[in-house]
Amino acid sequence: MREQLHRLETEVGAAKADLPMGLSGVFLTHAHIGHYAGLIFAGHESAGAKKLPVYAMPRMADYLSTNGPWDQLVRYDNIGLVPIRDGVETRLNAYLAVTPYQVPHRDEYSETVGFVVSGPTKRILFLPDIDDWDQWDRDHGHTIEAMLAKVDTAYLDATFFDDHELPGRDMSAIPHPRVTESMSRFEGLSRAERDKIRFFHLNHTNPARYPGSDAARTIRNRGYKVAKMGERVCLD
Ligand SMILES: [Zn+2]
Ligand SMILES: [Zn+2]
């Protein structure tokens, strides 16, 4: 959290003093370690934030409210839970709205969502974790292609490049769409559609995180991009 807040300040300027931790709010995708655990720094022993708005789906909110140490954040009003619902837009101001879309994932403690962030004229899809593209369609009626058509930029789950990354672990038990599989799936799309895709959420084992790797080169050659740390997208 410290590093991320520092990076945010470097990118967009000093935080407003009247905002808790300098943040207008936090949208949670799901209760996996890299996606919510940093919230603990809003707590009494750390920043002691006052009512940091945390936008959360029903199960996620329930989990935070009923399990330590998160429930203390709720009881001490360090965070203020704001309910969001699958497919329902939350309008933050005249320029910005966020809509969660539930996706299939290992939902041990919470449901999992991706977000469509809508600006004045442009939209991005933020989808760090999903088990399988086809299952999204089967379970929730969303095809990734239809979702791509609705946005201008799409940050897509690229946890693993292929099936050979985790020696000693059964990778079929960790179902993210492999980058190789996603690239093949999107092969038939127009150049403009493929151009929207930025692979992100790369596991440390994913060779594509090195721009000079064969994996990263393959991604570029096939018309896709790997997201860069600190990159910004204009929503107008
Ligand atoms: Zn996850
Ligand atoms: Zn994740």
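The values are calculated or read from the model by the stated rules, or taken from the named source; none is laboratory data. All of these numbers come straight from a predicted model, not from anything done at the bench. A quick note on method: Cβ atoms are made from the backbone with ideal geometry, for glycine too, and the neighbour counts reach across all protein chains shown. SASA here: full protein model, heavy atoms, side chains in, ligands and nucleic acids out. Shrake-Rupley method; radii C 1.70, N 1.55, O 1.52, S 1.80 Å.
Some points to look at:
- From the options A37, A61, A47, residue that is part of a loop (DSSP other than H, G, I, E, B) and hydrophobic (A, V, I, L, M, F, W, C): A47
- Of residues in segment 127-181 being away from ligand 2 (no atom under 16 Å from the Cβ) and of a type in the set (V, I, T), the one nearest to the chain's Cα centre (by Cα): T153
- Sole residue being of a type outside the set (A, V, I, L, M), surrounded by fewer than 14 Cβ atoms within 10 Å (Cβ to Cβ) and farther than 18 Å from I84 by Cα, chosen from D139, D132, D157, D152: D139
- Flag if M183 is open to solvent by less than 50 Å² (accessible area, probe 1.4 Å) and within 20 Å of G34 (Cα to Cα): no
- Qualifying residue in segment 76-85 (condition: open to solvent by 40 Å² or more (accessible area, probe 1.4 Å), within 16 Å of ligand 1 (Cβ to nearest atom), in a strand (DSSP E or B) and under 30 Å from L235 (Cβ atoms)): no
- Qualifying residue in segment 103-112 (condition: farther than 14 Å from L235 by Cβ and among the hydrophobic types (A, V, I, L, M, F, W, C)): yes
- Meets criteria (without any contact (Cβ under 8 Å) to a residue 24 or more places away in the chain, of a type in the set (D, E, K, R) and more than 16 Å from ligand 1 (Cβ to nearest atom)) for D134: yes
- Some residue of segment 9-27 being farther than 20 Å from R232 by Cβ, open to solvent by less than 80 Å² (accessible area, probe 1.4 Å) and within 16 Å of ligand 2 (Cβ to nearest atom): no
- Within the option set A216, A146, A192, A173, being closer than 17 Å to G114 by Cβ, small (G, A, S) and without any contact (Cβ under 8 Å) to a residue 24 or more places away in the chain holds for one residue only, A146.
- Test: residue in segment 19-28 that is outside any loop (DSSP other than H, G, I, E, B) and within 16 Å of ligand 1 (Cβ to nearest atom): yes
- Within segment 30-52, residues that are aromatic (F, W, Y) reach partners that are within 15 Å of ligand 2 (Cβ to nearest atom) and assigned to a helix (DSSP H, G or I) with beta carbons closer than 9 Å, at six or more positions or on different chains, in the pairs Y36/M60.
- Condition broken by A31, with the remaining ones in (1) more than 16 Å from ligand 1 (Cβ to nearest atom); (2) crowded, with 19+ Cβ neighbours inside 10 Å; (3) assigned to a loop (DSSP other than H, G, I, E, B) satisfied: (1)
- Yes/no for E108 being under 12 Å from H30 (Cβ atoms) and among the charged types (D, E, K, R): yes
- The single condition among (1) within 16 Å of ligand 2 (Cβ to nearest atom); (2) exposed (fewer than 15 other Cβ atoms within 10 Å of the Cβ) that E89 does not satisfy is (1).
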